Amino acid sequence: GFPAMPPIWALGFHLCRWGYGSSNGTWQTVRAMRNYQIPQDGQWNDIDYMDGYRDFTLDSQKFASLPSLVEDLHKHGQHYVMILDPGISSTSPHGSYWPFDEGLRRGLFLNTTQGQPLIGQVWPGFTAFADFSNPDTHQWWLENLQRFHAHVPFDGLWIDMNEPSNFMDGSEDGCPPGELDNPPYTPAVLGDSLSAKTVCASAKQKVSVHYNLHNLYGLMEAKATASALIRIRGKRPFLISRSTFPSQGRYSGHWLGDNRSQWKDMAYSIPGLLSFSLFGVPLVGADICGFSGSTSEELCTRWMQLGAFYPFSRNHNTQNEKAQDPTVFSPAARTAMKDVLLTRYSLLPFLYTLFHRAHLQGDTVARPLFFEFPRDEATWELDRQFLWGQSLLVTPVLEPGVDSVTGYVPQGTWYDFYTGSSVNSSGEMLKMSAPLEHLNLHIREGSILPTQKPGTTTEATRGNPLRLIVALSSHATAWGDLFWDDGESLDTFEKGNYSYVVFNVTQNIFTSTVLHASTEATKVTVGTLSIFGVQKPPSKVLLNGQEKPFSYLDNQVLNVSDLGMSLSQGFSLQWL
């Protein structure tokens, strides 16, 4: 199937770290973000929220106020996501830890060849591993999540360690002799053994031996988790998974795993992003500013600029490293981070529409340049730039100590996203100014981008007026579209509860055509039209035949504001 449509809040900015230390420490960061009015939709916690690192538990000392924090997030239109691992602690006294007792009673764990639960070691110590190939495990997983949700009403889930990862090789007893664990050919894997840092290939699962299911573990867990979220919340599920397999995008997004706070790791995230786009997992991103190691202000600023254009945008940090959320840096860096997040939030209507296309027909969201310019050989190996959809070119700075960046600009006219000034390229590397507070963004000729006045959450942004940015082609034409719904309900497209609007420019006439309408669209107005590449100053502008005031700038940008048109009604605007 095609990738799932994410809820719109999944496309906001997310903040996380291992080692907030307490719910109050987590809350402090949330308050600091609000205080500086830096956009944030999701607050996350890593394993430190748990009691002894055990799934479905809460540290009643350090995280006692977590339910109140979650309530406060919801009050502010924000969301809460926490981590879960598939290794279930097996050492609690009988009767004191329901997830293990019940899983054991129902026979839901991976077994050894002897038919006993295979015991490995993960964060809580000795653990058994849930068998997600068994439908009964999905039911048990749901019940565990329901019980926890009644106490901490989380909105999304982050499933980790699901290769499955094991701190031991195989199990506490190693692995038995035999060709599943010692096949005639072992690929060049870690430790030259199939069981290195995972479970025995001979382990028994409901459907088959682990040998045949290993690569499917994360996918099967994602399927169980997505279905549980739907049952619990009745809305589109949001989850990200570390281990993935083809068709993963139907159930979850992905982050690129534990990276380091280094310039090369930031650069490598782009091929990672584009690869997962090709794998049909459009909701993907890397840990912004780096997970392990210590970031610098310059690296973190540049990474926040790049990360604001990851489809899944989350800043995440490890324990015992200094904080790296936007609030802890100098005013200049903090402002640069805030500005680029506001730019992301302004582009949410465009990004959301790209995700609709991915859901409808499998399009990529973050897109390699060669997808759009396959005949231009110079694009084939570009991995330091990427596009959003067909029309927005992102050229990030990926090295320290520079105030410019060189990027490839395919043949044609491109417009500076911020100013509307045009760049004509013959298909060449161009040097662009890139002071620390600036991320280069260019709009391709012939496209129309729906943008919106940004708020500090996706919920706050959604009610704001739209600004449609028209980038005229050399033939003075342009096209764009907008998919709009309530942002969270299940199957809105399938049920017809959505609006779809197409924008078109030809012969100096802009038209907005509503092809499908829903009540959501009546709540939004089109406020401004910015038309880039208008060759000569118009004498007048007509909105549905009525004259409107306008401004025309030397760089050939025509602005018409205060349109006040409901998105649910088509209109035309002509300049003469």
* To do: Hey, can you find the accessible area per residue of the range 317-382 for me, probe 1.4 Å, expressed in square angstrom?
  => 40
* Helical contribution to [θ] at 222 nm, DSSP H n ≥ 4, -39,500 (n - 2.57), averaged over the chain, rounded to 500 -> -7500 deg cm²/dmol
* Asked: For the chain, can you list the cysteines whose C-beta has no other cysteine C-beta under 4.7 Å from it?
  -> 16
* Asked: By how many degrees, between 0 and 90 and to the nearest 10, does the Cα long axis of helix 297-307 differ from the longest principal axis of the chain?
  -> 80
* Asked: Roughly what angle does helix 348-361 make with the longest principal axis of the chain, taking Cα atoms, 0 to 90 degrees, to the nearest 10?
  -> 60
* Give the shape of the range 176-303 as rounded, prolate or oblate, defined through the alpha-carbon gyration tensor: a ≥ b ≥ c are the square roots of its eigenvalues, a/c under 1.5 means rounded, and otherwise the shape is prolate if a/b is larger than b/c and oblate if not. => oblate
* Could you tell me the distance between the Cα centroids of the range 478-508 and the range 416-448, to the nearest Å? => 27
* For labels at residue 114 and residue 507 in the simple 7 Å Cα→Cβ model, what's the distance in nm? -> 8.4
* To do: Give the calculated FRET efficiency between residue 179 and residue 490 to the nearest 0.05, with a Förster radius of 35 Å applied to their Cβ-Cβ distance.
  => 0.20
* **the chain: antiparallel DSSP beta bridges as a percent of all, rounded to 5** => 70
* To do: Averaged over every viewing direction, what's the projected area of the C-alpha convex hull for the range 465-575? Give it in nm², one decimal, please.
  => 7.1
* Structure fact -> Relative contact order as a percentage, the range 109-231, C-alpha pairs under 8 Å and 6+ apart, gives 33
* To do: Please determine, in degrees from 0 to 90 and to the nearest 10, the orientation of helix 23-35 with respect to the longest principal axis defined by the Cα atoms of the chain, where the helix direction is its Cα long axis.
  => 0
* Structure fact -> Simple SL model, points at 7 angstrom along Cα→Cβ for residue 540 and residue 91; separation in nm is 8.3
* So which trypsin sites (Lys or Arg not before Pro) in the range 259-358 pass both tests, a DSSP loop state and at most 14 other Cβ atoms within 10 Å of the Cβ? -> 322
* To do: Report the normalised scattering of the range 237-316 as log10 I(q)/I(0) at q = 0.11, 0.14, 0.20, 0.26 Å⁻¹, calculated by the Debye formula with identical scatterers on the alpha carbons.
  => -0.26, -0.41, -0.79, -1.20
* How high is the FRET efficiency between residue 399 and residue 71 when r is their beta carbon distance and R₀ equals 60 Å, given to the nearest 0.05? -> 0.85
* Carbon and sulfur atoms: what percent of the 1.4 Å accessible area of the chain do they account for? -> 50
* **Structure-derived semi-axes √(5λ) of the Cα gyration tensor in Å - corresponding label in (1) 45, 25, 23; (2) 41, 29, 23; (3) 61, 26, 21** => (1)
* Asked: Taking chymotrypsin sites (Phe, Trp or Tyr not before Pro) that fall in a DSSP loop and have at most 12 other Cβ atoms within 10 Å as cut points, what is the longest piece of the chain between them?
  -> 186-379
* Asked: Can you flag which of 62/322; 223/338; 322/431 are past 28 Å Cα-Cα?
  -> 223/338; 322/431
* Asked: How many lysine pairs does the range 465-575 hold where the Cα atoms are under 27 Å apart and the two sit 8 or more places apart or on different chains?
  -> 4
* Asked: Okay, which of the range 63-89 sit inside 17 Å, backbone N to the point 7 Å along the Cα-Cβ direction of residue 101?
  -> 88-89
* Which length gain, in nm to one decimal place, applies between residue 424 and residue 323 when the Cα-Cα distance is subtracted from 0.36 nm times their residue separation? -> 32.1 nm
* Could you pull out the trypsin sites (Lys or Arg not before Pro) across the range 373-462 that fall in loop regions by DSSP (anything but H, G, I, E, B) with no more than 13 other Cβ atoms inside 10 Å? => 375
* **Antiparallel bridge percentage (DSSP; both residues within the range 360-499; nearest 5)** => 95
* Quick one: of the DSSP bridges fully inside the range 465-575, what percent are antiparallel, nearest 5? -> 85
* Asked: How much of residue 16 can a 1.4 Å solvent probe reach, expressed as accessible area in Å² and rounded to 10?
  -> 0
* Structure fact -> Relative contact order as a percentage, the range 465-575, C-alpha pairs under 8 Å and 6+ apart, gives 30
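The values are calculated or read from the model by the stated rules, or taken from the named source; none is laboratory data. Keep in mind that this is a model prediction, so the values were computed, not measured. Virtual Cβ from ideal backbone geometry, glycine too; neighbours counted across all protein chains shown. Note: areas computed on protein heavy atoms with side chains; ligands, DNA, RNA excluded. Shrake-Rupley method; radii C 1.70, N 1.55, O 1.52, S 1.80 Å.
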